[in-house]
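> Pasting a structure below so you can have a look.
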Amino acid sequence: MEVYRGIPVYPGVVIGPALLLDTEGYLIPQRSISASEVVAEFERLKIGIRDAAIEVRSNQAIIAAKVGTQYGAILGAHAQMIEDPFLLGEIESLISKKFFTAEYALSLVMRKHIKEIQSLPDARMALCVTDLFDIEKQILGKLIGQRKEGLNSLNEPVVILAHDLSPSETAKLNTKLVHAFATEAGGRTSHTSILAGALEIPAVVGLGRFISEVTGGDIVIVDGNAGLLIIDPDAETLRRYQKTQTDIVSLDASLESLRDLPAITQDGVEIKLLGNIEFPHETKHCLDKGAQGIGLYRTEFLFMGKDAVPTEDEQFAAYKEVVQAMGKDRPVVIRTLDLGGDKLSAFSNLHAPEKNPFLGLRSIRLCLRNIGLFKTQLRAILRASVYGNIQLLFPMISTVLELRQAKMIVSEVKEDLFEEKVPFNKDIPIGTMIEVPSAAILSELMAKEVSFFSIGTNDLVQYTLAADRSNEDVASLYNPGDPAVLRLIEMVVKSAKHSNVALNVCGEMSGDLIYTMLFLGLGIRQLSVSPHSIPEIKQFIRMVNLKDAENVAKEAMRQQTARDVNNYLREQTRKLMPDSLMY
Ligand code: PEP
Ligand code: MG
């Protein structure tokens, strides 16, 4: 049994067979055969090895002709390793003794050698590891051959294990069969992680290197509460986790009774709890969990994984679906396109490759450069605004001028619609995300331009601490509890209050129980969170006394490091709610 600790991004526990997704999208298939199939499996293995060696030698010849024999020789060495009788013997032995498929046996043997090399102190050995992965891939490619499948053709439940998944790959996962995922890379608020919430599947990211330790078909446990990946669990661990699964089901059932109760503190102050969504169908999840509205609809997911930019009518249909599902009165905050950063679409005309995409032509900047695209979306949102309580939100605003430009485009679109006699809500509230430190610092001025703020802590943390939100190597720096982040939030709360501008917090921090008292104590009265977090946050709010929360916030603001802030807040939260699964 091997246990890896990473960053939990969606709670729950899943036990199931691993499906390894390598960078080419190979799925390592089933692991067992019957005794009667052993001879045929030997034959399949030999053919696979022969064909892999032929292909590598032909590539060797091409490279030798193009760049020189010495470079071709690298592939010559690969071919020799592929044909090594010792390797064949090791794989055959696993097939005949353990009745493993050729693919599974090959992977086990290669992973064993890779592990041996990785344990050597010399960092230059990393190259040999790459060679071995490459050789494995060559043979696997031939073995899987016709059976090479995409993620679209799964036919049994699996746990996806990968180095990384892009947001668009994640968005396309078939959650009927993909029950959880775990990745070596990624951070808590990377968009891949946020999508785990939209898909409602337990997930752990940022686990560091584990792929070489696991083979497709191995039984694994993804513990999305503690952030663990357990490979080949022993019997005792399996039993323990089966019990946790039952506990989670009964906890969810007990929280369900809170659905129609208000999120009201002990001393009678009501907090509004809204849901964050990425897809229209999530409105159901929000309503099931008792959301009082949609506080953030990330519309860019309409554009991702698509072959063509969605038309105005397609967008209109999506926005109308959301607002109609939520009913006439519940607010639906539709955020305009936030493409870029790690949310890249397939539309290469929109994003040229950038060296620093999170600092580049992302989000509102991209829209202000592509006015046609922006106007199409604004038309669709405005048309949908007659069906309910839609509010318009701009992402990534970093200057007052940018905000004014965006508002001007809205005015132009309104004029067009008016001339065309197309109905829309002419008083649609306009708000801005506060997710760039400059916007927080200038929030006093920003407040004069809009009717509401939504603090996007995911980006605010990233840009304040200069720590990429999706990079596991800087995950310890990327900390929402950092005093610098807290000071910026406090500043925004004061500006909003001073100018009587509504305030919402919609980053992942708002769904993290340890920050709830801090937010309440600072004066925040509206939180928009992943729908699955709503019941527990509500349960907690109903235990809090606002006076206590204010004292807690004051004390938290006195701390000097993120660690002190988090330890203090965790301790205070635990006092009120000792046995949450959330921390
Ligand atoms: C944020 O940055 O906090 C936010 C809510 O926006 P996104 O996660 O989509 O960047
Ligand atoms: Mg953001």
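The values are calculated or read from the model by the stated rules, or taken from the named source; none is laboratory data. Predicted model only: the values in this text are computed from it and were never measured. All Cβ positions, even for glycine, are placed from backbone atoms using ideal geometry, and neighbour counts span all protein chains on display.
> Filtering the range 462-476 down to residues that are over 12 Å from Arg188 (Cβ atoms) and without any contact (Cβ under 8 Å) to a residue 24 or more places away in the chain, which residue is surrounded by the most Cβ atoms within 10 Å (Cβ to Cβ)?
It comes out as Leu465.
> Please determine, by comparing only the residues of the range 434-461 that are assigned to a loop (DSSP other than H, G, I, E, B) and away from ligand 2 (no atom under 16 Å from the Cβ), which one is nearest to Ser398 (Cα to Cα).
Looking at the filtered set, the residue picked out is Leu442.
> Taking the conditions exactly as written (touching a Phe, Trp or Tyr at 6+ places or on another chain (Cβ under 6 Å), under 30 Å from Glu169 (Cα atoms) and either surrounded by fewer than 14 Cβ atoms within 10 Å (Cβ to Cβ) or among the basic types (Lys, Arg) (or both)), does Arg111 satisfy them or not?
No; evaluated as a whole, the condition is false for this residue.
> Please work out if Asn479 is in the same structural domain as Thr561 (by TED's automatic domain parsing) and either at pLDDT below 95 or within 16 Å of ligand 2 (Cβ to nearest atom) (or both).
no
> Can I ask one more? How many residues are touching a residue at least 60 places away in the same chain (Cβ under 8 Å), among the hydrophobic types (A, V, I, L, M, F, W, C) and under 15 Å from Ala384 (Cα atoms) when one looks only at the range 297-317?
Total satisfying the criteria: 1.
> All but one of (1) surrounded by 14 or more Cβ atoms within 10 Å (Cβ to Cβ); (2) within 24 Å of Thr457 (Cα to Cα); (3) modelled with pLDDT of 95 or more; (4) away from ligand 2 (no atom under 16 Å from the Cβ) hold for Glu354; which doesn't?
Failed condition: (3).
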